[in-house]
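Chemist: Below are the structure tokens for one structure; questions will follow.
Coordinate-derived values only; no laboratory data. It should be emphasised that the depicted structure is a prediction, and the values quoted were computed from it without experimental measurement. Ideal geometry is used to build each Cβ from the backbone, glycine not excepted, and the neighbour counts take in all protein chains shown.
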Amino acid sequence: MKTNPDAPVIALRGLKKRYGIGDAEHTVLDGVDLVIEKGEFIAIMGPSGCGKTTLLNILGLLDRADDGDYFLADRSVESLSARRHANIRSEQIGFVFQNFNLVPRLNVIENVALPLIYKGIRKTKRLQLASKILQTFHLSEREYYMPWQLSGGQTQRVAIARALVNSPSIVLADEPTGNLDSKASHVIMEELSDIHKRGNTIIMVTHNPSLTTYASRVITMLDGKIDSDTKTLQPTVKVDTTKKRLDTHAAEAPKEKILRSRRPTKRKTIKKGVSK
């Protein structure tokens, strides 16, 4: 089905979400109307329980609304099957979670390559693509580290690299600096800002008002509704150049000599939290 190239990347109409039944029923989202244009960097704020994370999960097709309409690039997605939702996620959406969500038994390059499995890409090619994007985040020397051998900032950068490895047009970030100190938080936000400037639409949930300075639009939620919606001085990027950016970085970066997956040897101890 053809879509309108000028349509908003996301449009919500009267979105509602409830949990529980009977007297225990609780309305988390209560008629949310929202339009998001291509290239926006949106920060969603609000007190705990206001519905911002639930909204992000619905936008990312990890959850479904009970009522209302959700259009993704002018295409209704609410009634699609779980399998089709998974396909859309692998093609268009990248996730950055507060708790990183790295698989502890996989090393860095294997974690970053993970989303490519669902696209049917063979292992050697997956590792090549993961290696290239890790270079853009200055993490080549950490490719074969295990998650527990990374600092908090490095772990989140790995998570962002994983979110971008399939060249998504939309990046969803749930409290991306929630577990980091101020210095690491600044690095992560600069990374997200750089991603935005190169064409991605970014939707970020945060409780930290200082992070909204990176956004082109700030939405505040209260009791399951949008309480305020304000444009900032940050520009909205009109052209999506994510794939071009990754291809350019790949051409400029030195070729990796080793692409096969391996784990650090037991004879060499790498201290946790080493920064480069």
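Chemist: Which order do the peptides 154-167, 172-185, 19-32 take when ranked by the mean count of other beta-carbon atoms within 10 Å per residue, highest first? Show your work: numbers first, answer last.
Modeler: Details: 154-167: 23.4, 172-185: 18.8, 19-32: 13.0.
Put in order of decreasing packing, that is 154-167, 172-185, 19-32.
Chemist: A further question on this structure: So which of LYS16/LYS125; LYS17/LYS125; LYS132/LYS231; LYS119/LYS225; LYS123/LYS183; LYS38/LYS132 end up more than 32 Å apart, counting from Cα to Cα?
Modeler: In this structure, LYS16/LYS125; LYS17/LYS125; LYS132/LYS231; LYS119/LYS225; LYS123/LYS183 exceed 32 Å between Cα atoms.
Chemist: If you place +1 on the Cβ of every Lys and Arg, -1 on the Cβ of every Asp and Glu, and leave all else neutral, what size is the dipole of the range 116-242 about its Cα centre, to the nearest 20 Debye?
Modeler: It comes to approximately 740 debye.
Chemist: Let me ask something else. For SER79 and ASP67 in one chain, what is 0.36 nm times their gap in residues minus the Cα-Cα distance, to one decimal in nm? Before the final figure, lay out each step's value.
Modeler: Details: separation 12, 0.36 × 12 = 4.32 nm, distance 1.10 nm.
Length gained, SER79 through ASP67: 3.2 nm.
Chemist: Using modelled amide H (1.01 Å from N, peptide plane; none on Pro or chain starts), what sits under 5 Å from the amide H of ASP63, excluding residues fewer than 5 places away?
Modeler: For ASP63, the qualifying residues are ILE58.
Chemist: For the range 1-135, count all C-alpha to C-alpha pairs, find those more than 22 Å apart, and express that count as a whole percent of the total.
Modeler: Cα-Cα pairs of the range 1-135 separated by over 22 Å account for 50 percent.
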